[in-house]
Amino acid sequence: MKRFFLITNEAKDPQGVFTKKIADVIEKRGGEAVCVANEKQALEAQGEAGVDCALVLGGDGTLLRAARNITDSRIPLLGINLGTLGYLAEVESACAEEAIEKLLADEFVREERMMLTGRMAGALEEQYALNDIVISRCGSLQILNVRIYVNDRFLNDYCADGVIVATPTGSTGYNLSAGGPIVEPSARLLLLTPICPHTLNTRSIVFAPEDEIIVEIPPGKDGHEQVVEANFDGSHKEALRTGDRLVIRRAQRTTGIVRLNTESFLSILHKKMSET
């Protein structure tokens, strides 16, 4: 690798001091660094010259947004963590220079991570998520009723604060907080996890990657209309109402994630969990 995008979370590096430091390190070692304010600028710059990797300076949220917005370009991503706890942002800020040296020496592994796609039934436009699609209530604290179909067959009605459909990469995100299982990120499967279910026997369910999950919004308590939202990786929201259906599938596209660490997933997970 030689040419890099630097995509920065300006809230975590407001003066751009760390970003400039990384750019200087790359250029001093014979590489090229293109600093962009957002993913739109990255796509525009990509048309001018090939880029080998996008260094995402921020946290997991910054990397997820980049994955949604530039995945068509096939540029792999490496997250440099400027936040607190990062599962996706592999490199801590103190180790950034060492990471750049490995990238320039081609000492890395590229992993292709599964993504989700979601669209309203009858619509053509799709939205993408690397971590998860969360269907949750908006507004009042009223309990949400959700009806789930899998491959057009009725599965269950959930009375909960919402439901999460997650990828293996997203298993350590909201899915984990909601009591769902942790999955090795290179796996290929779908996770369905209810959020604070109002029954004692509701558990997460694991589905094959070929399965199609349909989330239907039925009438609420006493037949009242429900207004909820579908949240894609925490950065894009779509409103759903009673009668709407959201169709969720494994996406054809993937996100390229650059791995520098030779430690196993379980070893990294142990360290992350020990930090909390």
Practice task
Kindly indicate whether any position in the stretch 38-59 is at pLDDT 80 or above, crowded, with 22+ Cβ neighbours inside 10 Å and part of a helix (DSSP H, G or I).
Solution key: no
Exercise for the section: Would you check which residues across the stretch 251-276 are part of a loop (DSSP other than H, G, I, E, B) and open to solvent by 60 Å² or more (accessible area, probe 1.4 Å) and list them? Expected result: THR262, SER264, THR276
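Please determine, by comparing only the residues of the stretch 169-186 that are outside any loop (DSSP other than H, G, I, E, B), of a type in the set (Ser, Thr, Tyr) and farther than 25 Å from VAL227 by Cα, which one is nearest to the chain's Cα centre (by Cα). Steps first, answer last, please.
At the first step, the residues of the stretch 169-186 found to be outside any loop (DSSP other than H, G, I, E, B) are 169-172, 174-177.
If we keep only those that are of a type in the set (Ser, Thr, Tyr) too, we end up with 169, 171-172, 174, 177.
Subsequent filtering for residues that are farther than 25 Å from VAL227 by Cα retains 169, 171-172.
Values: THR169: 7, SER171: 10, THR172: 10 Å.
If we take residues in the stretch 169-186 being outside any loop (DSSP other than H, G, I, E, B), of a type in the set (Ser, Thr, Tyr) and farther than 25 Å from VAL227 by Cα, then THR169 is nearest to the chain's Cα centre (by Cα).
Being small (Gly, Ala, Ser) and assigned to a strand (DSSP E or B) is the filter; apply it to the stretch 135-168 and report the residue that is farthest from the chain's Cα centre (by Cα). First the steps, then the outcome.
First, pick out the residues of the stretch 135-168 that are small (Gly, Ala, Ser): 136, 139-140, 160, 162, 166.
Now restrict to residues that are assigned to a strand (DSSP E or B): 136, 160, 162, 166.
Values: SER136: 17, ALA160: 23, GLY162: 18, ALA166: 9 Å.
Looking at the filtered set, the residue picked out is ALA160.
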Exercise for the section: Please give the number of the condition ILE164 fails out of (1) surrounded by 24 or more Cβ atoms within 10 Å (Cβ to Cβ); (2) in contact (Cβ under 8 Å) with a residue 60 or more places away in the chain; (3) of a type outside the set (Lys, Arg). Expected result: (2)
Handout entry: Whichever residue in the stretch 238-250 is open to solvent by 20 Å² or more (accessible area, probe 1.4 Å) and under 20 Å from the mean Cα position of the chain (by Cα) and, among such residues, is nearest to MET115 (Cα to Cα)
Key = ARG250
Exercise for the section: Note down all Cβ pairs under 9 Å where the first residue falls in the stretch 168-183 and is open to solvent by 30 Å² or more (accessible area, probe 1.4 Å), the second is aliphatic (A, V, I, L, M) and in a loop (DSSP other than H, G, I, E, B), and they're at least six residues apart or on different chains. Expected result: LEU176/ILE182
Problem - Unique residue being within 26 Å of LEU176 (Cβ to Cβ), modelled with pLDDT of 75 or more and open to solvent by 10 Å² or more (accessible area, probe 1.4 Å) when the list is ASN69, ASN81 - result: ASN69
Practice task
Hey, can you tell me all the residues within the stretch 1-26 that are within 23 Å of the chain's Cα centre (by Cα) and either open to solvent by 50 Å² or more (accessible area, probe 1.4 Å) or without any contact (Cβ under 8 Å) to a residue 60 or more places away in the chain (or both)?
Solution key: LEU6, ILE7, THR8, GLU10, ALA11, LYS12, THR19
Exercise for the section: For the stretch 232-250, state whether one or more residues are hydrophobic (A, V, I, L, M, F, W, C), touching a residue at least 60 places away in the same chain (Cβ under 8 Å) and outside any strand (DSSP E or B). Expected result: no
Exercise for the section: Identify the residue in the stretch 129-161 that is over 25 Å from ARG253 (Cβ atoms) and of a type in the set (D, E, K, R) and, among all such residues, is surrounded by the fewest Cβ atoms within 10 Å (Cβ to Cβ). Expected result: ARG153
Problem - Any hit, the stretch 187-201, residues being outside any loop (DSSP other than H, G, I, E, B), in contact with a strand residue (DSSP E or B) (Cβ under 9 Å, 6 or more places away or on another chain) and open to solvent by 50 Å² or more (accessible area, probe 1.4 Å) - result: no
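The values are calculated or read from the model by the stated rules, or taken from the named source; none is laboratory data. This one's a predicted model, so the numbers in the text were calculated from it and none came from an experiment. Quick reminder, even Gly has a Cβ in these numbers, built from the backbone with ideal geometry, and neighbours come from all protein chains shown. Just the protein is used for accessible areas: all its heavy atoms, side chains included, with ligands, DNA and RNA removed. Shrake-Rupley method; radii C 1.70, N 1.55, O 1.52, S 1.80 Å.
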